[in-house]
Amino acid sequence: MTPARVALRRHLERARARTEVLTSVPEQDLTAQHSPLMSPLVWDLAHIANQEERWLVRVAGRRPAVRGDIDDLYDAFRHPRAARTGLPLLDPEAARGYARAVRDLTWDVLEHSAFDDELTREGFVFAMVAQHEQQHDETMLATHQLRQGPPLLDAPEAPRTGTVRDTERVRIPAGAFEMGTSTDPWALDNERPAHVVEVPEFELDAVPVTNRRYLEFIEDGGYERPELWSEVGRQHRLDAGLEAPQFWSRDETGWSRTAFGRTAPLNPDEPVVHVCFHEAEAFARWVGGRLPTEAEWEKAARWDPATGRSRRFPWGDEDPGPGHANLGQRHLGPAVVGAYPEGASPLGVHQLIGDVWEWTSTPFTGYPGFRAFPYREYSEVFFGDGHRVLRGGSFGTDEVACRGTFRNWDLPIRRQIFAGFRVAYGTGDV
């Protein structure tokens, strides 16, 4: 087997192993709807297999359908998440059997694919399916976070020693850089094509905003001060009754955070997580800054001042290692800020990859020359002012679905995602 096929098999196997961890839970937890924002875990399990069947078995492999009769049930655009428990879904045993049957065919398709057309060239469609499964694994991890009850997941504690103060800033020089990519063979359509963007000088937090700093915002009345909130954000704060990040609680001993069924005192040195765009924007105003634009974030993450080129990752072009970033559900939460000095950018910005997704001020849309591929429903249908771009990945993001060009997006009111932010200072007219 060629090195490319070996790498693709490894990514697909790692994704499936993670899926099995997330779905190896009591049947009532697998079939229940833990939040109207999320699907039952058993829906995600069969949806992952259905997407793999459609693209790898039927399209890339030109094989007959395994279960052509269930496509409608597992079409994410046909049925809203809140309604999926009412569908005649495959039961857990049938869903697992379906996933195994599809995967057996996938291995044969991978072995015999000629990689000779746009869809399969350099293994793109296989990598796309691996990324899709890992994205759903992160979604299922968010479902576990919303679930009530005793812990079902376990992992070693994230690093607790950092090297950077949470008030440090880094100056990003003015100038042009290459944003996006036209060469990464596994990049998805919204990351393409590469294009040159001129970015004015600005400053950026060296690390994501910590719980300590966010608590200062709360204690200074940040949620009650209307001048800090946009009109839309203020209305959402009132409607949703926002007073602190999701999963925070307070008693006579102080603030705590609940994560995956465990409640512990708030660690002041961890990045704040589970805040929406509006909360991040209000905090940024409170400290006299703003959220970075997407172009600013990417320049800080990828631009190398010594060579003038854009790297794949802040630390270089090599794939992430354990010393670079907190990725892949190795831990069930963010590490303290400054915990990954090997992963810093050449300018000295830390933890741009992993730990928490970072809100930017940029609405989600296509780059100049964007072309939907291989289907509009991955990116294009979400373009517009309604969604904001998030960058960098979280502790729940796998390396195959995270790189310096990778773009995530969500509605500005969402808090169940593993999102934090950092603050930019400057004109921000990119």
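The values are calculated or read from the model by the stated rules, or taken from the named source; none is laboratory data. Treat the numbers as computed from the prediction; the structure is a model and nothing was measured. Here the Cβ positions follow ideal geometry from the backbone for every residue, glycine too, while neighbour counts run over all protein chains shown. All accessible areas refer to the heavy atoms of the entire protein, side chains included, with ligands and DNA or RNA removed. Shrake-Rupley method; radii C 1.70, N 1.55, O 1.52, S 1.80 Å.
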> Quick check: anything in segment 373-382 of a type in the set (Asp, Glu), farther than 26 Å from residue 328 by Cβ and in contact with a helix residue (DSSP H, G or I) (Cβ under 9 Å, 6 or more places away or on another chain)?
Replying inline: yes
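Has segment 40-51 got any residue that is open to solvent by 20 Å² or more (accessible area, probe 1.4 Å), modelled with pLDDT of 95 or more, within 22 Å of the chain's Cα centre (by Cα) and more than 17 Å from residue 103 (Cα to Cα)? It would help to see each step written out before you state the result.
Restricting attention to segment 40-51, the residues satisfying the condition of being open to solvent by 20 Å² or more (accessible area, probe 1.4 Å) are 51.
After this cut, where a residue has to be modelled with pLDDT of 95 or more as well, the list is 51.
Now restrict to residues that are within 22 Å of the chain's Cα centre (by Cα): 51.
Now narrow it down to the ones that are more than 17 Å from residue 103 (Cα to Cα): none.
No, every residue in segment 40-51 fails to be open to solvent by 20 Å² or more (accessible area, probe 1.4 Å), modelled with pLDDT of 95 or more, within 22 Å of the chain's Cα centre (by Cα) and more than 17 Å from residue 103 (Cα to Cα).
Answer with yes or no whether residue 193 is under 30 Å from residue 124 (Cα atoms), open to solvent by less than 90 Å² (accessible area, probe 1.4 Å) and not in a strand (DSSP E or B).
Numbers: under 30 Å from residue 124 (Cα atoms): yes; open to solvent by less than 90 Å² (accessible area, probe 1.4 Å): yes; not in a strand (DSSP E or B): yes.
Judged against the criteria, residue 193 is a match.
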> For segment 326-355, how many residues meet the condition of being under 13 Å from residue 207 (Cα atoms) and either within 17 Å of the chain's Cα centre (by Cα) or assigned to a loop (DSSP other than H, G, I, E, B) (or both)?
Replying inline: 18
> Taking segment 403-420, which residues are open to solvent by 10 Å² or more (accessible area, probe 1.4 Å), outside any loop (DSSP other than H, G, I, E, B) and either modelled with pLDDT under 95 or more than 24 Å from residue 10 (Cβ to Cβ) (or both)?
Replying inline: 409, 410
> When you go through (1) in a loop (DSSP other than H, G, I, E, B); (2) surrounded by 19 or more Cβ atoms within 10 Å (Cβ to Cβ) one by one for residue 400, which number turns out not to apply?
Replying inline: (1)
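Report whether or not residue 176 is assigned to a helix (DSSP H, G or I) and either open to solvent by 30 Å² or more (accessible area, probe 1.4 Å) or under 27 Å from residue 352 (Cβ atoms) (or both). I'd like the intermediate steps shown before the answer.
On the way: assigned to a helix (DSSP H, G or I): no; either open to solvent by 30 Å² or more (accessible area, probe 1.4 Å) or under 27 Å from residue 352 (Cβ atoms) (or both): yes.
So residue 176 does not fit the description; no.
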> If you scan segment 196-220, which residues turn out to be open to solvent by less than 20 Å² (accessible area, probe 1.4 Å), more than 23 Å from residue 409 (Cα to Cα) and not in a helix (DSSP H, G or I)?
Replying inline: 202
> Cβ-Cβ below 9 Å, separation at least six or inter-chain, first residue in segment 57-86 and at negative phi, second surrounded by fewer than 14 Cβ atoms within 10 Å (Cβ to Cβ) and part of a helix (DSSP H, G or I): which pairs?
Replying inline: 58/68; 61/108; 61/112; 63/108; 77/381; 79/86
> For segment 282-310, which residues satisfy the criterion of being acidic (Asp, Glu) and in contact with a Pro (Cβ under 8 Å, 6 or more places away or on another chain)?
Replying inline: 304
> So which residues in segment 221-233 are open to solvent by 50 Å² or more (accessible area, probe 1.4 Å) and either closer than 24 Å to residue 333 by Cβ or within 26 Å of the chain's Cα centre (by Cα) (or both)?
Replying inline: 232
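Taking residue 358, is it charged (D, E, K, R) and either assigned to a loop (DSSP other than H, G, I, E, B) or open to solvent by less than 10 Å² (accessible area, probe 1.4 Å) (or both)?
In short, yes.
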> What is the residue count in segment 369-397 for residues that are open to solvent by less than 40 Å² (accessible area, probe 1.4 Å) and hydrophobic (A, V, I, L, M, F, W, C)?
Replying inline: 4
